[in-house]
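See below for the structure under consideration.
The values are calculated or read from the model by the stated rules, or taken from the named source; none is laboratory data. Everything numeric in this text was worked out from a predicted model, so none of it was measured. Reconstructed Cβ throughout: ideal geometry from the backbone, glycine too, with neighbour counts over all protein chains shown.
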Amino acid sequence: MIELYGFATPNSVKVPIALEEMGLSYVLKPVNIRQGGQKTADFLALNPNGKVPVLVDGALALSESAAILVHLAEKTGRLLPRDGADRARVFEQLFFHASALGPAFGNAGFFKRLATEPQPLAEARFTTEANRVLDRLDALLGERRFVAGDDFTIADIAHFGWLWRREFPGMTLDGRPNLVRWFDAVAARPAVRHAIARVEALVPQAA
């Protein structure tokens with residue numbers, strides 16, 4: 001049985017979405033990052049980098065959400081073209097996510113919400129970059145149904161995670177109709193709805 005260690009975070013949610021889309025059974029194990037669960041000895045034994053998500057598939061303990069998505073796609077033969085330009089486009093978007101969207105959103109959110117002292121230059125830099133990335137995706141989705149082409153792939157799952165949590169960096173989809181169309185289509189997928197419900201249930205509710 002596959003085990004997934006995660007929380008209700010932009011990176012964690014990608015993996016249950018993929019698992020649900022691929023019809024794979026899994027056990028979801030909470031790692032409450034708000035309480036330092038990612039820093040415990042048991043978790044660090046799985047991922048010395050101390051970040052969620054972590055997938056345990058037999059003898060394989062795998063971190064980094066994009067690597068996990070690729071592993072699951074190759075394991076099942078789903079959501080990743082086998083070869084050619086279509087496969088290359090998926091990897092193009094996965095690397096774009098890792099180099100542009102994820103860092104911009106994460107850093108914008110940090111400097112807006114978590115920095116102990118105001119850092120206006122850093123906040124402006126990463127907010128501007130996050131908006132540039134969203135504009136680029138909106139333009140791309142004016143040409144394609146999904147981010148890598150006509151079919152839903154793990155590249156869509158990768159981007160969806162941060163757009164689902166876009167309020168953290170203070171981003172909006174306003175004025176980006178192609179991105180709104182894409183986001184609503186992905187969010188409406190039954191597997192996506194089920195995965196979101198499962199990760200949101202990991203968050204302890206206030207008494």
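Values computed for the structure shown
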| read-out | value |
| --- | --- |
| Top-ranked residue in the range 154-171 [being part of a loop (DSSP other than H, G, I, E, B) and hydrophobic (A, V, I, L, M, F, W, C); ranked as nearest to Glu20 (Cα to Cα)] | Phe168 |
| Condition check for Ala41: more than 23 Å from Trp162 (Cβ to Cβ), surrounded by fewer than 17 Cβ atoms within 10 Å (Cβ to Cβ) and aliphatic (A, V, I, L, M) | yes |
| First in the range 127-143 and modelled with pLDDT of 95 or more, second anywhere and aromatic (Phe, Trp, Tyr) and part of a helix (DSSP H, G or I), Cβ under 7 Å, 6 or more apart | Ala130/Phe105; Leu141/Trp182 |
| Residue list for the range 47-62, restricted to those being closer than 22 Å to Met1 by Cβ and surrounded by fewer than 18 Cβ atoms within 10 Å (Cβ to Cβ) | Val56, Asp57, Gly58, Ala59, Leu60, Ala61 |
| Answer from Arg136, Arg132, Arg165, Arg181 - the residue that is in contact with a Pro (Cβ under 7 Å, 6 or more places away or on another chain), surrounded by fewer than 20 Cβ atoms within 10 Å (Cβ to Cβ) and either outside the structural domain of Asn11 (by TED's automatic domain parsing) or within 21 Å of Arg113 (Cα to Cα) (or both) | Arg165 |
| Conditions (1) in contact (Cβ under 8 Å) with a residue 60 or more places away in the chain; (2) farther than 23 Å from Lys51 by Cα; number of the one not met by Arg166 | (2) |
| Condition check for Asn107: in contact with a Pro (Cβ under 9 Å, 6 or more places away or on another chain), of a type in the set (S, T, N, Q), outside the structural domain of Gly161 (by TED's automatic domain parsing) and under 21 Å from Pro169 (Cα atoms) | no |
| The lone exception for Ala100 - which of (1) free of Cβ contacts under 8 Å to residues at least 24 places away in the same chain; (2) surrounded by 16 or more Cβ atoms within 10 Å (Cβ to Cβ) it fails | (1) |
| Count of residues meeting criterion [in contact with a strand residue (DSSP E or B) (Cβ under 9 Å, 6 or more places away or on another chain) and either in a helix (DSSP H, G or I) or under 20 Å from Arg136 (Cα atoms) (or both)] in the range 177-207 | 5 |
| Exclusive hit being without any contact (Cβ under 8 Å) to a residue 40 or more places away in the chain and farther than 20 Å from Ala148 by Cα, set Leu62, Leu46, Leu55 | Leu62 |
| Failed condition for Lys51, given (1) in a helix (DSSP H, G or I); (2) closer than 25 Å to Ala108 by Cβ | (1) |
